[in-house]
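What follows is calculated from the coordinates using simple rules that are stated; it is not laboratory data. Remember, it's a predicted structure, so these values are computed and weren't measured experimentally. When we count neighbours, we look across all protein chains shown, and the Cβ atoms used for this are built from the backbone with ideal geometry, even at glycine.
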Amino acid sequence: MKSFNMLQRKSTEVENVRGLLNYVLAASLARAADGGAVVGVVLLAMSNGASGAITGILGACITAPHFLGPFVARKIDTSDDGRKVIALACLVYAVVMTIAALSYGHISWILSGVLFSIAGICGPLLTGGISSRLSTVAGETQQLQRRSQGWDVASYGIGGTIGPSIVAGMSAYASPAIAVISLAISTILAAILIMRLPYSPPQHGGDLSKVPSTWAIICVMLKDIRLRQTLYLTMLVAFAVSALPITAVKVSSLLGEHAASAAVLTAAYGIGNLAGSVFIMRKPLYGDPDKLMITYSIYICGGLFAIISCSSIVASAIAFLCTGILNSYFFAATLIARTEYAPAQGKGQVFLWVAAMKISAGSAGTAIAGILIEKDMKIPIVAGIILVVTGAVVAWSSSAKKKIPT
């Protein structure tokens, strides 16, 4: 009997590992497509002689619809099989992006913008939507669940790095249209892998009235202190770190380094994110997610302060690297919070709401940093630090007297 139980446990562990590998591959492929899309669209437009205004509009067409993600997310929660909704989104994305790439220059740029907008609506399902499936493959224990968050963070880092790189390489050696089509192919592969993930029975049990509406989920996120903290801390940190690519350019210039040094600093931040995810895989985070988010948001402020205090390019690279590691820990903490605090029948919607608001805050942070950095390199970073520290203090004070609504 004992040997049978050990054999059964081993079999379960093998299934979990297989499911997790499928998940990481699917998530990385889908997120590579989402991360590289805006680069592909911009290069496609520029290679066909589009003006700067049209290029910018087309780029916005692929990114702006991400904000509609939460309204699409309810389909995941109401579906009898959430995998099918996400896989379908991947296939629609692939078809639409392929048509847009092949037809660009032969149809009105407005129609191209419509096609890119349709693909953009699918984008959140390729990112936050897939994350909502992680708990079904990670295993039942909290340790396994939290270790898997490291894999999820890694898939974001891998996808965000590979996607733009593939587009840049394919555009140089073939054409931007081929590069965009290659992203479409990656989402087809992602759809196949998603359907190979373990099936998880829907939480609604056949009664769709149990699934909260979009507005009900908004109310839950605003009333539940834990989810509210997850939302605003995620947004504030995203706002702060979104200034780093622009800051990297300014830092390298002020230190008298070659412009290519900015790429080194940005790469150091990306490597830090990947390194942090590996550390989390080896040693999962422990403790309450809300406390973890507060702690690592403060640590990130320390990293940001170090970045504007360095006097050499080597020290700056180390500061960027450490900030990337800290950001991966913070991101993992937010994923844990979404997993453990979201209502079971509305988990998909919570994941996508936080993801959409994170993208919104990051876009705003980049735009504002571009304006403020012309006055002083330190202003965007200092502003970000002040906002994050303020959010962390508010979260800490409210946690001390929190009352969870029933």
Least to most buried among W109, W396, W215, W353, by other C-beta atoms within 10 Å and fewest first, runs W215, W396, W109, W353
Expected unfolding gain across N48-A174 under the 0.36 nm per residue rule, minus the alpha-carbon gap, is 43.9 nm
Once both label points are put 7 Å beyond Cα along the C-beta direction, the S398-I318 separation in nm becomes 3.7 nm
Counting only backbone N atoms under 16 Å from a point 7 Å out along Cα-to-Cβ of S360, the residues of segment 81-124 in range are 121, 124
Computed, not fitted: 222 nm per-residue ellipticity of the chain from DSSP H runs ≥ 4 (each -39500 (n - 2.57)), nearest 500, equal to -27500 deg cm²/dmol
If amide H atoms are modeled at 1.01 Å from N in the peptide plane, then the residues at a separation of 5 or more from D81, or on another chain, having amide H under 5 Å from its own are none
Once both label points are put 7 Å beyond Cα along the C-beta direction, the E340-R282 separation in nm becomes 2.3 nm
Rounded to whole angstrom, the alpha-carbon centroid of segment 310-374 lies from that of segment 220-275 at a distance of 7 Å
Full extension between S213 and I371 adds, at 0.36 nm per residue less the Cα distance, a length in nm of 53.0 nm
Between S242 and residues 5 or more places away or on another chain, the pairs with built amide H atoms under 5 Å apart involve none
Checked against the structure, the computed semi-axes √(5λ) of the Cα gyration tensor in Å among (1) 32, 28, 21; (2) 39, 25, 17; (3) 34, 25, 17 is the one labelled (1)
Here the FRET efficiency for L254 versus S165, based on Cβ atoms and R0 = 35 Å and rounded to 0.05, is 0.80
Contour minus Cα-Cα span, L111 to I192, at 0.36 nm per residue, comes to 26.2 nm
Relative contact order as a percentage, the chain, C-alpha pairs under 8 Å and 6+ apart, gives 24 percent
HN-Hα couplings for segment 261-268 via Karplus (6.51, -1.76, 1.60; θ = phi - 60°), in whole Hz with x for Gly/Pro, come out as 4, 4, 5, 5, 5, 5, 5, 4
Going fewest to most other Cβ atoms within 10 Å around each Cβ, M221, M293 line up as M221, M293
Of the listed links K210/K283; K291/K347; K75/K283; K283/K347; K250/K283, those spanning more than 30 angstrom between alpha carbons are K210/K283; K75/K283; K250/K283
Karplus-derived 3J(HN,Hα) from phi for segment 115-127 (6.51 cos²θ - 1.76 cosθ + 1.60, θ = phi - 60°), whole Hz, x at Gly and Pro, runs 4, 5, 5, 4, 4, x, 5, 6, x, x, 6, 7, 10
Whole-number value, in Å³ per residue, for the convex hull of the alpha carbons of segment 1-206 is 118 Å³
Sites removed, the longest contiguous part of the chain containing no DSSP-loop GluC sites (Glu not before Pro) with at most 13 other Cβ within 10 Å is 141-373
